[in-house]
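K.L.:
Sharing a structure with you now.
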Amino acid sequence: MNFTDLRIMKTQERLQNALLSLLETKALKAVTVKEICDKAGISRNAFYQHYSYKEDLYDQMVASATERIRDALTPVIADASQLSPETVQAYARHIINGISDVKDLVYVMLKNDDGVFLRQLTDLIYGQLLTNGLPFFDLKDSEEIRLFYEFVSAGISAFIIKWILNDGLSKDRAAAVLTHLLRQPLAEAPEFPTSGFPTSD
């Protein structure tokens, strides 16, 4: 990495941190580019060299956070044959560490959310669990499998949201709780009856 690349990264980081700080007290629509630049100690000229408008800066921050969350949900082992209490614990810690890296931004997004980000987060988790789970457990795609991962993803999403908004658990404690929650879904490949569930007369 050369000096120019490092300078660009530092400038973008300062602008992102400035916007994040401002979003703690006001909505994005109420923030001005001037406020961002003043807080970052960067000229408006420099801002527009990197971003077309404040929404562009915000969207790039969200995209980066989304990618970090996606990476955090990637399995830490190759397949189900390597599952053990230790690897489930490692996976839970991997998730918590990844979310922690973007926790401040996710907190701001959740605080101002009208339900859209919550759905996006749950959909992201679901997509990753389904995409990774099929080859991991050597499963064939089915409606039952999709419903199973919808259920699991909603639970993980709710856990992440409560952890971020309440901020009452340390990373270590959050990882320990998530380990416990993941043990059942990861204990074995999900199986479902081939015929309908029995009904009462």
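The values are calculated or read from the model by the stated rules, or taken from the named source; none is laboratory data. It should be emphasised that the depicted structure is a prediction, and the values quoted were computed from it without experimental measurement. We place every Cβ from the backbone using ideal geometry, glycine too, and count neighbours over all the protein chains shown.
K.L.:
With the requirement that a residue be loosely packed, with under 14 Cβ neighbours inside 10 Å, over 17 Å from Leu19 (Cβ atoms) and not β-branched (Val, Ile, Thr), what does the stretch 62-76 give you?
P.N.:
Matches in the stretch 62-76: Glu67, Asp71.
K.L.:
Which members of the stretch 126-175 meet the condition of being among the acidic types (Asp, Glu) and either part of a helix (DSSP H, G or I) or within 18 Å of Leu83 (Cβ to Cβ) (or both)? So that I can check it myself, show each step before the final result.
P.N.:
First, pick out the residues of the stretch 126-175 that are among the acidic types (Asp, Glu): 138, 141, 143-144, 150, 167, 172.
Listed by number, the residues that qualify are Asp138, Glu143, Glu144, Glu150, Asp172.
K.L.:
Has the stretch 50-59 got at least one residue that is over 25 Å from Gly133 (Cβ atoms), in the same structural domain as Leu130 (by TED's automatic domain parsing) and among the aliphatic types (A, V, I, L, M)?
P.N.:
no
K.L.:
Can you name the residue in the stretch 82-107 that is in contact (Cβ under 8 Å) with a residue 40 or more places away in the chain and surrounded by fewer than 15 Cβ atoms within 10 Å (Cβ to Cβ) and, of all such residues, is nearest to Asp138 (Cα to Cα)? Can you show your working first?
P.N.:
In the first step, residues of the stretch 82-107 are kept if they are in contact (Cβ under 8 Å) with a residue 40 or more places away in the chain; the result is 83, 85, 88-89, 91-93, 95-97, 99-100, 103-107.
With surrounded by fewer than 15 Cβ atoms within 10 Å (Cβ to Cβ) added as a condition, the list becomes 85, 97.
Working: Pro85: 20, Asn97: 27 Å.
Result: Pro85.
K.L.:
Now for a different question. Somewhere in the stretch 83-105, is a residue basic (Lys, Arg), at pLDDT 95 or above and either farther than 26 Å from Glu191 by Cβ or touching a His at 6+ places or on another chain (Cβ under 7 Å) (or both)?
P.N.:
Initial filter on the stretch 83-105 (basic (Lys, Arg)): 93, 103.
Still in the running and at pLDDT 95 or above: 93.
Still in the running and either farther than 26 Å from Glu191 by Cβ or touching a His at 6+ places or on another chain (Cβ under 7 Å) (or both): 93.
Yes, some residue in the stretch 83-105 is basic (Lys, Arg), at pLDDT 95 or above and either farther than 26 Å from Glu191 by Cβ or touching a His at 6+ places or on another chain (Cβ under 7 Å) (or both).
K.L.:
Can we say Leu110 is modelled with pLDDT under 90 and surrounded by 15 or more Cβ atoms within 10 Å (Cβ to Cβ)?
P.N.:
Numbers: modelled with pLDDT under 90: yes; surrounded by 15 or more Cβ atoms within 10 Å (Cβ to Cβ): yes.
The answer is yes for Leu110.
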